[in-house]
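Here's the structure, in structure tokens; my notes come after.
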Amino acid sequence: MKKITKISEAQKFVENFAKNNKWSDKPNIDKFDHLHEELIEMSKHLRYKKSKEMSKYIKENLDTFEDGIGDLFFALCRLSNQLGINVEKSFNLVTKRIEEKYKKKVNLKNYNPNTHLSNNISNSPSPLRESPRIFVSCQNLFSISSLEYFSRAFLVFE
């Protein structure tokens, strides 16, 4: 077998493998379940372990995770073929979106809602005007745009 070095080659290999084995390439809910099962199978090895235990287990059982990741990728290519999705194109689209999202992160240690919110709280016709203090949990998870959205939901009134 030729060594596969590109995502598109892997997807084409899976497509040809399915055709040669007369597998249907119609969308199938079982493929979603297969991906889920593979993830659960790998996660069982790490569940209820502390960080050091996980690291040790992974090093000692790397072949288990390599096999699991391979199964996941094969199944993902299969599902993508069934749905008519180009895996490389999808990966590039999501990569671009994720990069843009994390470029917009806010340093919340110096967060001032009146400078970051598109509608200034002090101009709000609601009780927000009396309590402009905002409680933001999970500081590092929010980008500016999601922070603007969620900050209205997580208000702490004193």
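Counting only heavy atoms of the protein chains, get the accessible area per residue of region 6-73 (1.4 Å probe) and round it to a whole Å² value.
Values: 5330 Å² over 68 residues.
So region 6-73 comes to 78 Å² accessible per residue, rounded to a whole number.
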*Between LYS49 and LEU62, what is the label-to-label distance in nm when each label sits 7 Å out along the Cα-to-Cβ direction?*
1.4 nm
*asked:* If packing is taken as the average count of other Cβ atoms within 10 Å, what order do 47-53, 5-11 fall into, highest mean first?
replied: 5-11, 47-53
*So if R0 is 25 Å, what FRET efficiency would SER90 and ASP33 give, r being the distance between their Cβ atoms, rounded to the nearest 0.05?*
0.80
*Among PRO27, SER43, PHE13, whose Cα lies farthest out toward the positive end of the dipole of region 11-88, if unit charges sit on the beta carbon of Lys, Arg (+1) and Asp, Glu (-1)?*
SER43
*What lysines could a cross-link reach from LYS103, if we take a straight Cα to Cα line under 26 Å and drop same-chain neighbours fewer than 8 places away?*
LYS89
_How large is the accessible surface of VAL94 in square angstrom, using a 1.4 angstrom probe and rounding to the nearest 10?_
50 Å²
*Is there a pair in LYS12/LYS50; LYS44/LYS96; LYS2/LYS22; LYS26/LYS49; LYS3/LYS31 whose C-alpha atoms are over 29 Å apart, and which pairs would that be?*
LYS12/LYS50; LYS44/LYS96; LYS26/LYS49
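The values are calculated or read from the model by the stated rules, or taken from the named source; none is laboratory data. None of these values were measured; they are calculated from a predicted model. In this analysis, Cβ positions are derived from the backbone assuming ideal geometry, glycine residues included, and neighbour counts consider all displayed protein chains. The protein model used for the area step is the full one, side chains on, heavy atoms only, and it has no ligands, DNA or RNA in it. Shrake-Rupley method; radii C 1.70, N 1.55, O 1.52, S 1.80 Å.
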